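*Asks:* Take a look at the following structure, please.
The values are calculated or read from the model by the stated rules, or taken from the named source; none is laboratory data. All figures in this text were calculated on a predicted structure; none of them were measured in a lab. All Cβ positions, glycine included, derive from the backbone under ideal geometry; neighbour counts span all protein chains shown.
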Amino acid sequence: MYNSIIVFSGLFGSVYLMSTSLGLINKSLLENKKIPRELIILNGLTFIGSSSVLIGATLFTLSYFKYSKV
């Protein structure tokens, strides 16, 4: 039970980080703002890392519920 709470909170955090970094990337591109290359790299890495956590947590949760005897 405690594992599922940790997985779901990590899932929420990764969705929040992913949507925030994607929003910042889109906002800078739509407003034609000149932002430093390091910030673009940092936002991209945040997006990739959080989406990896999202996919991993989702697959772990699906396999956990598939094989658990509830």
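Conditions tested, residue by residue: (1) loosely packed, with under 14 Cβ neighbours inside 10 Å; (2) out of contact with any helix residue (DSSP H, G or I) (no Cβ under 7 Å at 6 or more places or on another chain); (3) not basic (Lys, Arg); (4) not in a helix (DSSP H, G or I).
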| position | (1), (2), (3), (4) |
| --- | --- |
| 19 | yes, yes, yes, no |
| 24 | no, no, yes, no |
| 32 | yes, yes, yes, yes |
| 38 | yes, yes, yes, no |
| 46 | no, no, yes, no |
| 49 | no, yes, yes, no |
| 53 | no, no, yes, no |
| 56 | no, yes, yes, no |
| 60 | no, no, yes, no |
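*Asks:* Go through (1) surrounded by 15 or more Cβ atoms within 10 Å (Cβ to Cβ); (2) at pLDDT 75 or above and name the single condition residue 10 misses.
*Replies:* (2)
*Asks:* Are there any pairs, at least 6 apart or on different chains, whose C-beta atoms fall under 6 Å, with the first in the range 5-33 and under 16 Å from residue 45 (Cα atoms) and the second of a type in the set (Gly, Ala, Ser) and crowded, with 16+ Cβ neighbours inside 10 Å, and if so, which?
*Replies:* Here the result reads 14/50; 17/50; 18/50; 18/51, each pair linking the range 5-33 to a residue that is of a type in the set (Gly, Ala, Ser) and crowded, with 16+ Cβ neighbours inside 10 Å.
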